[in-house]
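We did not get these values from a lab; they are worked out from the coordinates using the rules stated. Since the structure is predicted, the reported quantities are computational estimates derived from the model, not experimental observations. Cβ: placed from backbone, ideal geometry, glycine included. Neighbour counts: every protein chain shown.
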Amino acid sequence: MIDWNRVNELRDEIGIEDFDEIVSLFLDEVETEITGIKQLETYMELGEKLHFLKGSALNLGFEGFAQLCQQGEDAADRGDHDKIDPELVVQSYFTSKTLFLGGLENRLPT
């Protein structure tokens with residue numbers, strides 16, 4: 001669900017101080033965006049929001065969440081509206097966030 005290789009790579013690239021800031025910004029931004037996902041008026045809007053969330057998720061290693069966003073984005077593009085479950089997307093994010101935060105100290109060197 002979390003791509004720890006990507007997380008380690010990012011942390012090595014930008015350093016621990018900037019990494020902590022990126023994590024904080026990512027979590028704040030995604031939570032701001034995801035709170036309104038169930039209230040979007042069109043599937044085009046939903047597809048655009050899922051595209052944004054997917055990109056953000058991939059940057060920080062939230063692989064499972066990113067895959068679910070991609071599936072939703074693809075479904076929105078095809079007009080398969082019944083195959084998009086915004087609640088599942090929200091749940092996936094919060095599950096990923098819990099795994100990520102819980103694993104940071106165990107998997108990353110300090």
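Here are the numbers for this structure:
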| quantity | calculated |
| --- | --- |
| Inter-residue pairs, beta-carbon under 7 Å, first under 20 Å from residue 64 (Cα atoms) and touching a residue at least 60 places away in the same chain (Cβ under 8 Å) and in segment 7-29, second in a helix (DSSP H, G or I) and not small (Gly, Ala, Ser), 6+ apart | 11/19; 27/97 |
| Conditions (1) in a helix (DSSP H, G or I); (2) in contact with a Leu (Cβ under 6 Å, 6 or more places away or on another chain); number of the one not met by residue 9 | (2) |
| All positions within segment 41-61 that are outside any helix (DSSP H, G or I) and touching a residue at least 12 places away in the same chain (Cβ under 8 Å) | 60, 61 |
| Hits in segment 62-103 (condition: in a helix (DSSP H, G or I), without any contact (Cβ under 8 Å) to a residue 40 or more places away in the chain and over 15 Å from the mean Cα position of the chain (by Cα)) | 74, 75, 76, 77, 78, 81, 82, 83, 102 |
| Checklist (1) in contact with a helix residue (DSSP H, G or I) (Cβ under 6 Å, 6 or more places away or on another chain); (2) over 21 Å from residue 67 (Cβ atoms); (3) small (Gly, Ala, Ser) applied to residue 47, failing item | (2) |
| Positions within segment 78-87 being closer than 14 Å to residue 39 by Cα and exposed (fewer than 12 other Cβ atoms within 10 Å of the Cβ), in sequence order | 87 |
